[in-house]
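The values are calculated or read from the model by the stated rules, or taken from the named source; none is laboratory data. Model, not experiment: these values are computed from the prediction. Here the Cβ positions follow ideal geometry from the backbone for every residue, glycine too, while neighbour counts run over all protein chains shown. Side chains are part of the model used for accessible areas, which takes the heavy atoms of the whole protein and leaves out ligands, DNA and RNA. Shrake-Rupley method; radii C 1.70, N 1.55, O 1.52, S 1.80 Å.
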Amino acid sequence: MPIIVNVDVMMAKRKMSLTELASKVDITPANLSILKTGKAKAIRFATLEAICKALDCQPGDVLEYVAEAGKSE
Amino acid sequence: MKTAQSISLPKVLRYVFLCLTVLGCIALLLNLVGYFGIASDGPFIRGWVTTVAENKPVVLPHPDGSGDFKMYNFGEQKLVMVEFANLSALFQSRYLAYILFQNLAWVLGIFILYQMYRIFRNLDIGVTFPLENMRRIRLIALAVLVFPVVGYIAANLMANISYVAQGHQITMARPPIFTENLLLGGLLSLVIFALAEVFKSGSQLQQEQELTI
């Protein structure tokens, strides 16, 4: 998928653990792990809002678009 | 404290299909035991045939008392039983072929019941749209398609066996219901295949829902 989730990068910048972020965002660590590893198919606005609030960042810091190699626009 | 488990429809159906599967297996075993003369006087085979139009019509009294009132016998379903003096007499290709196809129909029936049991087991434990259910529904559709074909072949074999056994006095034939079953099976199979596709969409939706954070 060309959407890259950079939650782990932001977590490292804010020196926040997965369990801590999960409790602040009010989702399970398992679900946060799915998001972090890029296995998630979608993200709710409410979850994105909570993540941005907990990490004090913008949605663009968490999500990034990278065009897939070999795919024409 | 342990609470009493609620009785839901999937739970009831799960156990209904489990019981039917077990009963089907027992019936199949009894059938085979009977055919090979293990628990009876001697080996035999049995099946349904129909008698084809007898040559002479039966003349009956006319309701108004004028003219003839004839009744033609255009087929009547009969259960025939071909008994054998010993087991070796049964071991001929046409009899064994009949036993094979007749019991294959039983096996397919049991297979369908077992798949139904597994589907309701999944529903009972709260897994509504697993891909496994879709696969099982597809297998049921395939079995429903093959089931009447196997029955049709078995009926033809029995008609052929009876035809020879009766020494051409009465013409025995396959009952017409087996031909109708072929069409019905095909139609039913298509409906079940469509249902499997609905399940496929359902499982995709469920997977998407599970992976939405």
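One table, with the values for the structure above:
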item	result
Residue A:3 paired with residue B:107, simple spin-label distance in nm, labels 7 Å along Cα-to-beta-carbon	5.0 nm
Above-threshold pairs, the threshold being 26 Å between Cα atoms, out of A:36/B:200; A:24/B:200; B:11/B:200; A:41/B:11	A:36/B:200; A:24/B:200; A:41/B:11
17 Å cut-off, amide nitrogen to a point 7 angstrom out along residue A:69 Cα→Cβ, residues in region A:1-25	A:1-4
Two-decimal log10 I(q)/I(0) for region B:96-154, as the Debye equation yields it once each C-alpha is a single scatterer, q = 0.19, 0.24, 0.25, 0.26 Å⁻¹	-0.67, -0.87, -0.91, -0.95
Area of residue B:93 that stays accessible when all protein chains are in place (1.4 Å probe, Å², to 10)	100 Å²
Mean projected area (nm²) of the alpha-carbon convex hull when chain A is viewed from all directions	5.0 nm²
Buried area at the A-B interface (accessible, heavy atoms, 1.4 Å probe, summed, Å²)	800 Å²
In Å², nearest 10: area of residue B:11 left accessible to a 1.4 Å probe	40 Å²
Solvent-accessible area per residue for chain A (1.4 angstrom probe, square angstrom)	67 Å²
